[in-house]
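Asker: Quick one: the structure is below, and I'll ask about it shortly.
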Amino acid sequence: MACGGTGGHIYPALAIADTIKRKHPEAEILFIGTKAGMENQIVPANGYPIKSIDAAGINRKKIWKNIGTLHKAFEGYGEARRIIDGFQPDLVVGTGGYVCGPVVLAAHKMKIRTAIHEQNAFPGMTNKLLCRIADKVFISFEESRKYFKEKKTDEKEGHIVLTGNPLRRGFVMSDKKVARERLGVKDHQLMVLCFGGSLGSPRINELMLKLIGLFNRVEDVAIYFVTGSKHYEQIREKLEDNEEPAGDNIRIFPYIENMPEYMGAADVIISRAGALTIAELTACGKPAILIPSPYVTGNHQYYNAKVMADKGAAVLIEEKDLRDEAVIQVISQMRKSREMIRVMEAASRSLAKTDAAETIYEQIRGYIER
């Protein structure tokens, strides 16, 4: 499994690996990531070994910096070949991040079967290039098919297959009552969970400081706030400097490893709108306040969020239009109306596609069953 950079690339790889392991307990699975990526903590925590190579993305603004990128690409390709030669896999799967380029290319050159998975409606450059050599290309949105070129193949459906986003089983099997009991959330409390993606979001963090100031020590509201690792100390210090310290109803974390449990317990979630986040929200049937990142290719998070908003499962607020008062109003309405939460939960659940990992397994089982 090749993946790296953000949780949006790493967790689909883990979901696929877990599915293979359930079907084939004897299977040997090795992850390859970048040397400084968060995959080096997440993957071992989920029970899989990982090795690292050099990899970096193209800098479109400062072209001269790509000399170093090219050097890393050559180094990474050589490292990938050595790791693959030592492990001798039957299949190599790439789920995104710069690391996928050299790993999938090396496997292809070594005559090993390859597959890639694209989480977003707007594919990244690496996957568009890898589509030409991969044996299978799995997509999460029908809209992304037009960005890939179908290869001539004997298979009836071709090599590009719509699967959706692979999810860890915890999201699919989420039980709200059990999750709340484990976390100590009371039945009458409105639990608000906020995270700004695996790296955190300064703008969302600013918003949450306002919300915490308003709902601090309000007994029927529980706020669980994930700051992102690099923002955690700054946020903690700001809360400690307040005249009134944060009460027991406020919890802050740099990062949450067991997200299925926390998401399962929540009544409403404030977050960005990455493709994997949308898949997780709908699998758990969660209402959301979605603030798409404006810093992504093709503004694809806006379109991800719009799917939920159009169905009545989410409130969509673009960052340029973000006002603290608008979010506070939605939270206040939910605090008063449990019926509003139930209606949005049903709408969210109606959008769920929870069988992606199984679909991918069925597509690749012929490569790994011998």
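Asker: Considering (1) at pLDDT 95 or above; (2) outside any strand (DSSP E or B), say which one Ile269 fails and leave the rest.
Answerer: Result: Ile269 passes all but (2).
Asker: Given the residues Glu325, Glu280, Glu261, which is the only one that is over 16 Å from the mean Cα position of the chain (by Cα) and part of a helix (DSSP H, G or I)? First the steps, then the outcome.
Answerer: Working: Glu280 fails: over 16 Å from the mean Cα position of the chain (by Cα); Glu261 fails: over 16 Å from the mean Cα position of the chain (by Cα).
The unique qualifying residue is Glu325.
Asker: Can you confirm whether Glu325 is closer than 23 Å to Phe215 by Cβ and without any contact (Cβ under 8 Å) to a residue 60 or more places away in the chain?
Answerer: yes
Asker: Is at least one residue of segment 121-143 touching a residue at least 12 places away in the same chain (Cβ under 8 Å), closer than 30 Å to Arg338 by Cβ and either aliphatic (A, V, I, L, M) or exposed (fewer than 14 other Cβ atoms within 10 Å of the Cβ) (or both)?
Answerer: Within segment 121-143 (the criterion being touching a residue at least 12 places away in the same chain (Cβ under 8 Å), closer than 30 Å to Arg338 by Cβ and either aliphatic (A, V, I, L, M) or exposed (fewer than 14 other Cβ atoms within 10 Å of the Cβ) (or both)), the answer is no, since none of the residues qualifies.
Asker: Hey, does segment 285-308 have a residue that's more than 18 Å from the chain's Cα centre (by Cα), modelled with pLDDT of 95 or more and not assigned by TED's automatic domain parsing to the domain that holds Arg113?
Answerer: no
Asker: Find all pairs meeting these conditions: Cβ atoms under 9 angstrom apart; at least six residues apart or on different chains; first residue within segment 225-244 and assigned by TED's automatic domain parsing to the domain that holds Leu211 and surrounded by fewer than 11 Cβ atoms within 10 Å (Cβ to Cβ); second residue among the hydrophobic types (A, V, I, L, M, F, W, C) and at pLDDT below 90.
Answerer: Glu240/Ala246
Asker: Right, next: Count, please, the residues in segment 195-221 that happen to be in contact (Cβ under 8 Å) with a residue 60 or more places away in the chain, over 24 Å from Met38 (Cβ atoms) and of a type in the set (Val, Ile, Thr). Don't jump to the end; show me each part of the working.
Answerer: Residues of segment 195-221 in contact (Cβ under 8 Å) with a residue 60 or more places away in the chain: 195-199, 201, 203-204, 207-208, 210-211, 214-215, 220-221.
Add one more test, that the residue is over 24 Å from Met38 (Cβ atoms), and what stays is 210-211, 214-215, 220-221.
Subset that is of a type in the set (Val, Ile, Thr): 221.
Result for segment 195-221: 1.
Asker: Any residue at all in segment 241-248 that's at pLDDT below 90, of a type in the set (Asp, Glu) and not in a loop (DSSP other than H, G, I, E, B)?
Answerer: Yes, there is a match, as at least one residue in segment 241-248 is at pLDDT below 90, of a type in the set (Asp, Glu) and not in a loop (DSSP other than H, G, I, E, B).
Asker: Oh, and also: Name the pairs: first residue in segment 71-93 and among the small types (Gly, Ala, Ser) and modelled with pLDDT of 95 or more, second residue buried (at least 19 other Cβ atoms within 10 Å of the Cβ) and in a helix (DSSP H, G or I), Cβ to Cβ under 8 Å, at least 6 apart or on different chains?
Answerer: Ala80/Pro102; Ala80/Val103; Ala80/Leu105; Ala80/Ala106; Ala80/Ala107
Asker: Output the residues belonging to segment 245-277 that are surrounded by fewer than 20 Cβ atoms within 10 Å (Cβ to Cβ) and aliphatic (A, V, I, L, M).
Answerer: Ala246, Ile252, Ile256
Asker: What about Tyr302, is it more than 21 Å from Asp175 (Cα to Cα), among the hydroxyl-bearing types (Ser, Thr, Tyr) and surrounded by fewer than 18 Cβ atoms within 10 Å (Cβ to Cβ)?
Answerer: no
The values are calculated or read from the model by the stated rules, or taken from the named source; none is laboratory data. Bear in mind that the values here come from a model prediction, so they are computed numbers and not experimental data. So basically every Cβ, Gly included, is an ideal-geometry build from the backbone, and we count neighbours across all protein chains shown.
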